[in-house]
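The values are calculated or read from the model by the stated rules, or taken from the named source; none is laboratory data. In this text, all values refer to a predicted model and were calculated from it rather than measured experimentally. Positions of Cβ are generated from backbone atoms using ideal geometry, with glycine treated the same way; all protein chains shown enter the neighbour counts. The area values use the complete protein model at the heavy-atom level, side chains included, leaving out ligands, DNA and RNA. Shrake-Rupley method; radii C 1.70, N 1.55, O 1.52, S 1.80 Å.
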Amino acid sequence: MNLLTVTNLEKSYKKIKAVKGITFHVKQGEVLGLLGPNGAGKSTTISMIATLLKPDAGEVIYNGTDIVKNPKAIQENLGYVPQEIALYPMLSGKENLMFWGRAYGLKGNTLKKRIEEVSEIIGIADRLKDKVKTYSGGMKRRLNIGVALLHNPELIIMDEPTVGIDPQSRNHILDTVLKLNKQGMTVIYTSHYMEEVEFLCSRICIMDQGEIIAEGSKEELIKQIDGARDLKLRLENYDDTLLAKIEAHPSVVSIEKSDGDIIAKIKQDTQIIKDIVDMINEHGASIMSMDVEEPNLEAVFLQLTGRMLRD
Ligand SMILES: Nc1ncnc2c1ncn2[C@@H]1O[C@H](COP(=O)(O)OP(=O)(O)OP(=O)(O)O)[C@@H](O)[C@H]1O
Ligand SMILES: [Mg+2]
């Protein structure tokens, strides 16, 4: 079942068209990744889903209700983790959770119990009494997530929750997302880190310049580019005629030299490695090293846009 359906959504800021009529959906119980470089329109998109921004055009349907007309239908069920930390530095972690919990309408024992549960989930129970200004970047990010979990939402939207933090906090956050999802929470996870999205998400929308340029599981996305990957070779006793011969192979997309390495972009083909090795042997060259990279979402993005995800 689709928990959320976004259709032809548009948003401009004065001259900049940040979101250009995008359409996608989120299934109940999945982790959907929204992957894209800086300025792709990720935050603008999820701000409209979180009803913080009004779309110029298009429709957002949550559980059968149009939330542009009826924002309440999503607000009570949504945990939104903003890209910018939204905490009071002079208050303790617990006081921040109390403040935000009350803002969600929680109080008394329910709130107290929920704060205990949430601080266990985000792993800051032992620092609850300390002022947030003494927290590390990673702990602030975790508390930022904790705030969004207080009212036990059915959908959580996270906007780049691991930017600029230590690997330990990052892993903790990734594990938390999986744990919450296992317990039934639906997740929209926004990031420009391909590795995180690959690790977490059953389905991924790749966004660029206000548009969704591809959608599917990691495997489906890689299939869309014919499983293209890099073959890195270091050879001795060869010349350009060999490279031209390799490049002429129907499953070789391109070949280039870089720092003494030869990098061939190759398509999925069970014969291709054998064919290339045969050509090298026939030429009389020797292979010093050979390495095939697994195709990844970076390769998908590169193929679709001609640019890297991270510039
Ligand atoms: N408040 C604003 N006023 C004017 N332009 C804006 C505003 N917010 C975003 N933009 C522009 O809209 C485009 C999309 O921005 P958005 O923040 O949605 O992208 P993003 O994918 O979240 O990027 P990032 O990875 O940097 O967070 C960008 O060109 C950005 O400069
Ligand atoms: Mg953003």
Report, ordered by the first and then the second residue, all pairs with beta carbons closer than 8 Å, sequence separation of six or more or different chains, a first member in the stretch 42-67 that is more than 16 Å from ligand 2 (Cβ to nearest atom), and a second member that is open to solvent by 50 Å² or more (accessible area, probe 1.4 Å) and in a helix (DSSP H, G or I).
Thr51/Gln75
Out of the residues in the stretch 9-63 that are assigned to a strand (DSSP E or B) and near ligand 1 (Cβ under 9 Å from one of its atoms), state the one that is nearest to Glu198 (Cα to Cα).
Leu34
For the stretch 146-174, which residues satisfy the criterion of being more than 16 Å from the chain's Cα centre (by Cα), closer than 17 Å to Glu84 by Cα and open to solvent by less than 10 Å² (accessible area, probe 1.4 Å)?
Gly146, Ala148, Leu149, Ser169
Does Val132 count as away from ligand 2 (no atom under 16 Å from the Cβ), buried (at least 18 other Cβ atoms within 10 Å of the Cβ) and not charged (D, E, K, R)?
yes
Answer residue from the stretch 78-94, given it is open to solvent by 60 Å² or more (accessible area, probe 1.4 Å) and within 16 Å of ligand 1 (Cβ to nearest atom) and is nearest to Glu116 (Cα to Cα) among those:
Ile85
When Ala73 is run through (1) assigned to a helix (DSSP H, G or I); (2) within 13 Å of ligand 2 (Cβ to nearest atom), the failure sits at (2)
Just to be sure I understand the filter: pairs with C-beta atoms under 9 Å, separated by 6 or more residues or on different chains, first member in the stretch 272-290 and closer than 13 Å to His249 by Cβ, second member among the polar types (S, T, N, Q). Which pairs pass?
Ile272/Ser251; Asp275/Ser251; Ile280/Ser286
Among the residues of the stretch 140-155, the number that are in contact (Cβ under 8 Å) with a residue 40 or more places away in the chain and part of a helix (DSSP H, G or I) is 9
